[in-house]
Each structure stands twice: as C-alpha cells, then as structure tokens.
Amino acid sequence: MNPTELQIGDVLRRPLFQSARLAAGSRGLGRPVGWVHVIEIVQIAPFISRHDLILTTGLWLKQSQQDRLDYLRQLILQEAAGLILEIGTSIQEVPADLLELAEAHQFPVIVFDQPVRFSDITQDIHSLILNRRRIHQDLADSFSRRLQQLTLQHSDISSMLRLLHGETRRQTLYYSLLEPDRQHPPLSGGAGREQPRHSGDAERQLSKLSGGAEQQLSKLSGGAEIGQPPILGELDRKQPRLSDPSELGQPTHLAEPDRQELAKLPFRDLERDGRFGDGKSDCMLPLASGRILLLKPVLCYGQLLAAVGLVAEDDSDAAALSPYLESAASAAAALTLRTQFSREHESRRNDGLIPALLEGRVRSEDQARSMAGLPSRPAADANGAVLAAALELESMWPEDGSGGERLEGAARDLPVLLHTLIRKYGLRGSLHPRSEGSMLLLLHADSATAAARERLLSGAHSVLEDVQRFSGEQLEGLRLRAAAGKLRQKLLEAPEAFREAAQALEIARRVPELGPTVFYSQLGAYQLLQAIPDAALLDAFVQDHLGAILRLEKESRQQLLETLDMYLKCFGSKHETARRLFIHRQTLYNRMERLTELIGEPFLEPHKRIGLEMALMAYKLRSGVSIGRSDYR
C-alpha cells in the first residue's frame with residue numbers, strides 16, 4: 001500500500017463528513033481516491049478515470065431501475081473510488097436495489113442526509129490529496145540530497161542500499177552484470193555472498209544521513225492550515241521510519257519462497273531477454289507471495305550494467321517507491337562509473353601485454369599467459385582462443401577545431417566503456433591506446449574448445465555492437481570504426497592478428513558499404529585485393545572490365561555502374577534489382593541494354609561474373625567511394 005495514498009476511510013474521517021453515513025460498501029474503505037468530480041449526467045463512463053470519487057445530487061436516480069443500476073455498473077467497471085450522494089435536493093432516499101448492487105461489489109456509497117456544499121468537499125479532499133503528494137515528493141527530494149551526500153563520501157553500493165532501506169523499510173537489492181549481487185537486509189540462505197561490513201565511521205555517517213529524514217518530517221508536520229490537514233502522523237503509523245541506527249540490520253519480513261526467488265533471480269537472463277525494454281525501462285516482477293519486485297536500471301554510457309530493486313506490496317506501493325528507486329539508480333550509476341574509471345586507469349598503468357607482444361618482448365606463450373592473467377600450462381597444452389581488434393574514432397566536423405574537444409573526450413570515455421563491456425560479457429581482455437581516438441583490443445580465453453571459441457567470438461560481436469550503438473547515440477559528429485582479425489589459438493600469434501585487423505580497418509575506411517564493424521574472416525576477396533602490392537595492376541584490371549562504363553559515367557550520369565553492382569548482388573534477378581534501386585522495370589531494361597553494349601554478354605557466366613565482381617570490389621577499394629546507394633548491402 002502507498003503510505004501517502006488517500007483512501008475512502010481517510011475521507012470519512014474528515015470533519016466535513018461527520019454528518020455523512022456509509023450506506024454500502026463497508027469492505028471497500030481501502031479503495032484509493034485519486035480525485036473528486038461532480039457529475040450529474042447519465043452516461044458517465046467516458047468522463048471518469050480510475051480512483052475518481054463521484055459527487056452527485058442523485059438526479060439520475062429518477063431514471064428507470066435499469067438505468068440507475070447501469071449508472072452504478074459504469075462506476076464499478078471504471079474502478080471509481082466510490083459514490084457520494086446528497087439527499088434533499090433531487091432525491092429523498094437511495095433505492096435499496098442500488099445499495100444491494102454496491103454492497104455486492106464492495107463499492108462504497110456515502111450518503112449526506114441533507115444538502116451540503118460540494119465546493120467545500122472538493123476543496124478539502126483535493127487539498128488533502130495534493131498535500132500528501134507534496135509531502136511525498138519533499139521526502140523523496142530530501143532522500144535524493146542525502147543520497148548524493150553519501151555518494152560523495154563513499155564508493156560502496158552497500159552503503160547506498162542501507163540508506164535506501166532505512167528510508168523505505170523495504171527489502172533492497174542490487175543485481176549487477178559486473179559485480180557480486182548485494183541485498184539489504186541480507187537474504188538468509190540466499191546468494192551465498194558475504195555482505196560487506198561497514199566501519200564505525202560509515203555507520204555513524206549513515207545514522208546522521210538517515211536522521212535527516214526525521215528532521216524533514218518534523219519540519220513538514222508543523223502547523224496545519226485550512227485545506228492542509230495534518231496527515232503526517234497517519235503516514236508515520238502506516239510506514240515506520242528510521243530512528244535508530246541499530247534497526248538497520250533488522251530483516252524485512254519476507255516469506256522464504258520470496259527470499260529464495262530474489263536470491264536466485266536470473267538478472268543476466270532478464271537483461272538478455274529484453275525485460276528492461278530498450279534498457280532504460282523499469283521492470284516489475286511478481287513474487288510468489290503476491291508482492292512485486294520493482295527494478296530500476298543502472299545505466300552507464302547507455303549500457304544496462306545493473307539494477308536497483310525494492311520489494312513493494314502492490315502496484316500502488318511500487319508507484320510511491322519509484323522516486324526513491326530512481327534516485328538510488330542514479331547514485332548507483334555514478335558509483336559504477338567512478339569505479340570503472342578507476343579500474344581503467346589502473347589497468348592502463350599495469351597492462352603492458354599488447355605493446356610487449358607487438359614489440360617482440362614476449363619470449364614464450366607461458367610468459368604471455370602469465371602477463372594476461374591466465375594459468376601456466378605445458379607448451380603442448382597452452383592453446384586458447386585469442387581475438388585482436390583495432391578501433392578508431394574520426395571527427396566529421398569541419399577543420400575549425402570544433403571537433404577536437406569532442407574527439408578528446410570520446411577518446412577518454414571509450415577505454416572505460418570497453419573495459420566495462422568486457423566485464424559485462426564475462427570476457428578477459430587487454431586494451432592499449434595508441435594515438436588519440438585509436439586503440440587496440442585483445443580478447444583471450446583459457447580454453448581452445450569449440451564452445452570457448454564461440455563464446456569469445458559472440459562476446460566480441462556484442463562488445464563491438466554495443467560500442468557502435470554508444471557511438472551512434474552519444475558521439476555526435478564522430479565516426480567509430482572497428483575491425484577484428486581472425487580467431488587465433490595462441491597469444492604469441494596476436495601480432496599477426498593485429499595486422500589482419502589493421503588491414504580490415506583500412507578496407508572498412510575505403511569501402512563504406514561494409515559497415516562500421518568488420519571481421520577479417522568475413523571480408524572474402526577483399527583480403528586478396530588488399531594484399532596485392534601493385535596498385536597499378538589493380539587499376540589496370542578495373543579498366544579492363546569496367547573502363548567503358550566508367551568513361552561513360554564521367555560524361556553523363558546514367559547510373560550504369562550502380563545498376564550493374566546491384567544486378568550482380570541480386571544474383572541476376574531483375575525484379576529484385578528494380579525494387580532495391582527504386583526504379584521502374586522498364587528503366588532497368590533500358591540500362592541493361594546499355595550495359596550489354598558496353599561490356600557484352602552474358603553477365604552471369606561464371607568467369608564473366610567473377611571478373612566483374614572482382615573489378616567492382618577493386619574499384620571500391622581503390623577509389624574509396626560508394627557505388628550508388630550506401631544502404632544496400
């Protein structure tokens with residue numbers, strides 16, 4: 001239950017309702033009241049919302065029995081909070097059949113036996129609702145400030161969870177893709193991880209911060225005004241607050257099935273299955289007891305890395321807890337980012353594996369494995385899985401200095417993001433920045449089994465995809481390219497793998513249609529074309545096969561080269577070629593006739609097709625421009 005939520009029972013205790021009586025629905029006193037409306041029309045359903053409390057003189061009760069029962073059914077179906085009727089203006093009594101229907105559905109019907117001022121009632125209840133919301137927001141804002149103060153003094157997620165628990169008195173949880181999961185209070189028999197203990201200074205700091213909530217309550221509760229009822233005493237009775245630091249360790253009352261479910265929650269599966277939507281949405285999971293686990297994502301560089309959770313009683317309680325959880329998730333993101341920056345700095349200082357391999361200073365695989373943090377093995381059994389990648393950032397801003405600052409900032413952020421993603425996907429790796437915006441990445445696994453190689457390759461794809469997503473969303477004006485060499489078995493083979501990555505990166509620069517991320521093993525004939533040392537030989541090959549088309553394209557843009565390229569990509573399907581070029585079929589026929597005049601027939605004979613395809617690839621590689629549309633792949 002939301003402790004700041006106004007209910008029918010609270011309304012009946014207001015002074016203006018001393019002369020009112022509850023005619024039906026005594027079991028519905030817990031219904032929440034969201035707003036009050038005065039409505040006299042019969043077709044009421046389109047004009048009310050869930051939790052609306054309806055005030056009426058009962059003019060509609062003069063309708064037929066069926067019509068007045070239909071009126072009440074509309075309120076029940078719309079999940080209105082209740083009905084307030086006034087006797088003496090339009091009606092003299094409330095029909096018994098109406099009260100019977102209300103009682104059957106636990107729907108409160110409140111009756112005033114003499115006329116009352118509806119304006120006084122609406123003003124009083126609306127003030128009550130707005131004050132409770134204001135107080136709730138003030139408390140949430142106060143918690144956010146105290147949480148910010150805590151994060152400036154500590155880097156411990158557990159401290160944040162303890163403060164959150166002290167404020168909400170709910171079970172708090174932290175699920176992470178990078179760190180061990182944490183809970184407060186600890187889930188007995190749960191995750192099996194020891195909860196960090198706090199020093200005396202930390203305990204005193206938490207006590208001081210938590211005590212601020214009591215001061216906030218004291219300030220807010222002082223002096224009730226007209227239309228501003230003193231409700232804080234009710235709130236305190238419904239929701240106990242932290243007053244004694246010794247209560248921090250008291251466990252929240254959770255049933256054993258709930259504890260087991262929370263301890264074994266497959267957070268990584270939830271993230272992989274898209275339960276957080278685009279990674280920025282809340283996730284609500286029902287528990288065995290009927291309670292709800294509310295999870296807020298913790299985002300760094302646009303990546304879902306963790307989630308902070310609270311166990312709520314119901315949907316209404318979850319809505320009340322959401323602002324507190326939002327602040328906690330933001331604090332957790334700041335702590336996570338601070339930790340990742342520190343780790344990246346430490347890694348850069350200590351990790352010399354990549355330069356040592358490239359400079360030939362590593363004499364054996366065993367030495368390389370030691371530098372990589374892998375266990376020593378006999379030479380005959382030292383194989384693993386190794387993948388080398390190269391990344392580069394390029395500014396697309398004009399040469400006026402406007403992009404230099406962004407490039408410098410991105411060059412600082414990118415290593416942190418890469419180290420974070422390596423941990424997120426459970427990989428091992430080293431990173432070596434070279435020049436500004438250029439870096440080398442080496443991922444490695446201890447096993448050479450097919451499963452280990454597939455896991456490493458899949459993880460590398462995920463890391464590079466996430467980096468590209470971050471670049472597209474956050475690095476406006478910058479272009480990120482990434483390329484990876486072939487999968488190897490030994491760390492000593494990394495120099496050759498980095499050479500392949502460099503070749504693939506060069507191909508990606510010159511052939512944009514390959515996309516921003518390329519793998520050397522998927523480049524096909526581009527591997528051979530890039531390795532040919534004689535550029536004049538490639539140029540002559542292009543002229544032999546495409547010279548006539550290129551000369552005509554210079555004189556008059558007829559898009560023949562684009563048409564030929566698409567026709568071969570569509571395996572000779574004219575229908576598909578026309579569709580992907582967005583041209584009429586007859587236009588394609590005219591172009592194909594002109595191509596036949598220039599290069600002869602048939603296009604699809606094996607030797608002819610291979611020659612044309614190789615010439616087109618060589619042209620793209622040598623010219624560095626796309627042929628026609630850049631989005632057809």
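Looking at Ala525, Ala615, can you tell me which residue is closer than 27 Å to Ala502 by Cβ, open to solvent by less than 40 Å² (accessible area, probe 1.4 Å) and in contact with a His (Cβ under 6 Å, 6 or more places away or on another chain)? If you could, list the steps in order and put the result at the bottom.
Values: Ala525 fails: in contact with a His (Cβ under 6 Å, 6 or more places away or on another chain).
Going through Ala525, Ala615 in turn, just one is closer than 27 Å to Ala502 by Cβ, open to solvent by less than 40 Å² (accessible area, probe 1.4 Å) and in contact with a His (Cβ under 6 Å, 6 or more places away or on another chain): Ala615.
Could you tell me which of the residues Arg162, Arg170 is open to solvent by 10 Å² or more (accessible area, probe 1.4 Å) and farther than 22 Å from Cys283 by Cβ? Outline the logic, then answer.
Working: Arg170 fails: farther than 22 Å from Cys283 by Cβ.
Exactly one of Arg162, Arg170 is open to solvent by 10 Å² or more (accessible area, probe 1.4 Å) and farther than 22 Å from Cys283 by Cβ, namely Arg162.
Could you grab the pairs with beta carbons closer than 7 Å, sequence gap of 6+ or different chains, first residue in segment 279-297 and touching a residue at least 24 places away in the same chain (Cβ under 8 Å), second one aromatic (Phe, Trp, Tyr) and open to solvent by less than 50 Å² (accessible area, probe 1.4 Å)?
Qualifying pairs under 7 Å: Cys283/Phe276; Pro297/Phe276.
For the condition of a type outside the set (S, T, N, Q), farther than 16 Å from Ala334 by Cβ and crowded, with 22+ Cβ neighbours inside 10 Å, what is the one hit in Leu294, Leu305, Leu285?
Only one candidate passes the filter, namely Leu294.
Here is a list: Ala483, Ala460, Ala451, Ala411. Which entry is in a helix (DSSP H, G or I), open to solvent by less than 40 Å² (accessible area, probe 1.4 Å) and modelled with pLDDT of 90 or more? Please lay out each step first, then the result.
Values: Ala483 fails: in a helix (DSSP H, G or I); Ala451 fails: open to solvent by less than 40 Å² (accessible area, probe 1.4 Å); Ala411 fails: modelled with pLDDT of 90 or more.
Checking each option against the conditions leaves just Ala460.
Would you please name the residue that is surrounded by the fewest Cβ atoms within 10 Å (Cβ to Cβ), looking only at residues in segment 372-395 that are of a type in the set (A, V, I, L, M, F, W, C) and free of Cβ contacts under 8 Å to residues at least 60 places away in the same chain? Break it down into steps so the answer makes sense when it comes.
Residues of segment 372-395 of a type in the set (A, V, I, L, M, F, W, C): 372, 374, 379-380, 382, 385-391, 393.
Those still in the list that are free of Cβ contacts under 8 Å to residues at least 60 places away in the same chain too: 379-380.
On the way: Ala379: 9, Ala380: 6.
The extreme case among them is Ala380.
Mind checking which residues of segment 146-169 are modelled with pLDDT of 85 or more and on the phi < 0 side of the Ramachandran plot? So that I can check it myself, show each step before the final result.
Kept after step one, since they are modelled with pLDDT of 85 or more, are these residues of segment 146-169: 157-169.
Correct list: Ile157, Ser158, Ser159, Met160, Leu161, Arg162, Leu163, Leu164, His165, Gly166, Glu167, Thr168.
Among Leu75, Leu99, which is over 46 Å from the mean Cα position of the chain (by Cα) and in contact (Cβ under 8 Å) with a residue 24 or more places away in the chain? Outline the logic, then answer.
Details: Leu75 fails: over 46 Å from the mean Cα position of the chain (by Cα).
After ruling out the rest, the residue left standing is Leu99.
Of all residues in segment 407-447, how many are without any contact (Cβ under 8 Å) to a residue 12 or more places away in the chain and within 16 Å of Arg481 (Cα to Cα)?
Let us first name the residues in segment 407-447 that are without any contact (Cβ under 8 Å) to a residue 12 or more places away in the chain, namely 409, 412, 434-435.
Right, trim to within 16 Å of Arg481 (Cα to Cα) and you get 434-435.
Going through segment 407-447 one residue at a time, the tally reaches 2.
Considering only residues that are within 18 Å of Ser322 (Cβ to Cβ) and free of Cβ contacts under 8 Å to residues at least 12 places away in the same chain, which ones fall in segment 149-164?
Answer for segment 149-164, where residues must be within 18 Å of Ser322 (Cβ to Cβ) and free of Cβ contacts under 8 Å to residues at least 12 places away in the same chain: there is none.
Out of all the residues in segment 517-556, which are within 27 Å of Gln468 (Cα to Cα) and among the polar types (S, T, N, Q)?
Result: Thr517, Ser521, Gln522, Gln527, Gln530.
Of the residues Gln74, Gln66, Gln43, which single one is assigned to a helix (DSSP H, G or I) and open to solvent by 60 Å² or more (accessible area, probe 1.4 Å)?
Values: Gln74 fails: open to solvent by 60 Å² or more (accessible area, probe 1.4 Å); Gln43 fails: assigned to a helix (DSSP H, G or I).
None of the other options fit; the residue is Gln66.
Hey, can you tell me all the residues within segment 46-63 that are assigned to a loop (DSSP other than H, G, I, E, B) and within 23 Å of Phe17 (Cβ to Cβ)? First the steps, then the outcome.
First, the residues of segment 46-63 that are assigned to a loop (DSSP other than H, G, I, E, B): 48-51, 57-58, 63.
Answer for segment 46-63, where residues must be assigned to a loop (DSSP other than H, G, I, E, B) and within 23 Å of Phe17 (Cβ to Cβ): Ile48, Ser49, Arg50, His51, Thr57, Gly58.
Sort out which residues of segment 132-148 are open to solvent by 20 Å² or more (accessible area, probe 1.4 Å) and more than 18 Å from Leu325 (Cβ to Cβ), and write them in order of number.
Correct list: Arg134 only.
When you go through Glu79, Glu93, Glu100 one by one, which is the residue that is open to solvent by 60 Å² or more (accessible area, probe 1.4 Å), not polar (S, T, N, Q) and not in a loop (DSSP other than H, G, I, E, B)?
Working: Glu79 fails: not in a loop (DSSP other than H, G, I, E, B); Glu93 fails: not in a loop (DSSP other than H, G, I, E, B).
Among Glu79, Glu93, Glu100, only Glu100 is open to solvent by 60 Å² or more (accessible area, probe 1.4 Å), not polar (S, T, N, Q) and not in a loop (DSSP other than H, G, I, E, B).
Residues of segment 540-560 being under 22 Å from Leu581 (Cα atoms), crowded, with 19+ Cβ neighbours inside 10 Å and in contact (Cβ under 8 Å) with a residue 40 or more places away in the chain, which ones?
Leu546, Ile549
The values are calculated or read from the model by the stated rules, or taken from the named source; none is laboratory data. Remember, predicted model here, so these are calculated numbers, not experimental data. Here the Cβ is made from the backbone with ideal geometry for all residues, glycine too, and neighbour counts use every protein chain on show. These area figures cover heavy atoms from the full protein model, side chains too; ligands, DNA and RNA do not enter into them. Shrake-Rupley method; radii C 1.70, N 1.55, O 1.52, S 1.80 Å.
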